[in-house]
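Engineer: Below is the structure I would like to discuss, written out as structure tokens.
The values are calculated or read from the model by the stated rules, or taken from the named source; none is laboratory data. All figures in this text were calculated on a predicted structure; none of them were measured in a lab. Note: ideal-geometry Cβ built from the backbone for every residue, glycine included; neighbour counts use all protein chains shown. For the accessible areas, the whole protein counts, side chains as well, though only heavy atoms, and no ligand, DNA or RNA atoms are used. Shrake-Rupley method; radii C 1.70, N 1.55, O 1.52, S 1.80 Å.
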Amino acid sequence: MAGSEDVPPPIEDWLRKVCLGLPGVYEEPAWVGVRWRVRGRTFAHACTVGSDNPTSHARVFATDGPVCVVTFRAPADEVGGLIGSGFPFYWPGWGVNVVGMVLNAQTDWSEVAELLVDSYCVQAPKKLARLVDRPSGH
């Protein structure tokens, strides 16, 4: 896809560590970037988009260069709050519970880990989601 780059290795490695630490998860190349799935359901997808990329990611924010993003699923009652809070969150243009997030030097990686675990629990069968140790209130 024109304008797309690979995910920077340090970011991909960090996302991989979090995602593959969850039960039954596997990684595979996506149409662009990389995605993590459980039982055939994608719960995280990372890619890098350039300002010239025609995808919905690039249309959401103005950029002078490539930007790394991750998309994930959020619980229905959290989607509006995340997207409504603005940058680094956005709606990528598909799915009622899909949220995008720009990953950059200001990224709170603890927050990303929580969001990925929540996304996993949204997409995983209940039997697998119950195996995940989550803080109370989730």
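Engineer: Could you check the simple spin-label distance between ASP77 and ARG134, using points 7 Å along Cα→Cβ, in nm with one decimal?
Structural biologist: 1.1
Engineer: Need one number: nm distance between label points at ASP6 and ALA105, each 7 Å from Cα along Cα→Cβ, rounded to one decimal.
Structural biologist: 2.4
Engineer: Let me ask another. Tally Lys and Arg at +1 and Asp and Glu at -1 over the other residues with C-beta under 14 Å from the C-beta of VAL98: what net charge comes out? Don't skip to the end; give the middle numbers.
Structural biologist: Numbers: positive: ARG35, ARG41, ARG73; negative: GLU78, ASP118.
Neighbour charge sum, excluding VAL98 itself: +1.
Engineer: Further, regarding this structure: In Å², what does the accessible area per residue of the range 86-138 work out to with a 1.4 Å probe? Write down the numbers at each step before the final one.
Structural biologist: Details: 2940 Å² over 53 residues.
Roughly 55 Å² per residue, with all protein chains present.
Engineer: Within 10 Å, Cβ to Cβ, of VAL34, how many net charges do the neighbouring residues add up to if Lys/Arg are +1 and Asp/Glu are -1?
Structural biologist: On the way: positive: ARG16, ARG35; negative: ASP6, GLU12, GLU27, GLU28.
Neighbourhood net charge equals -2.
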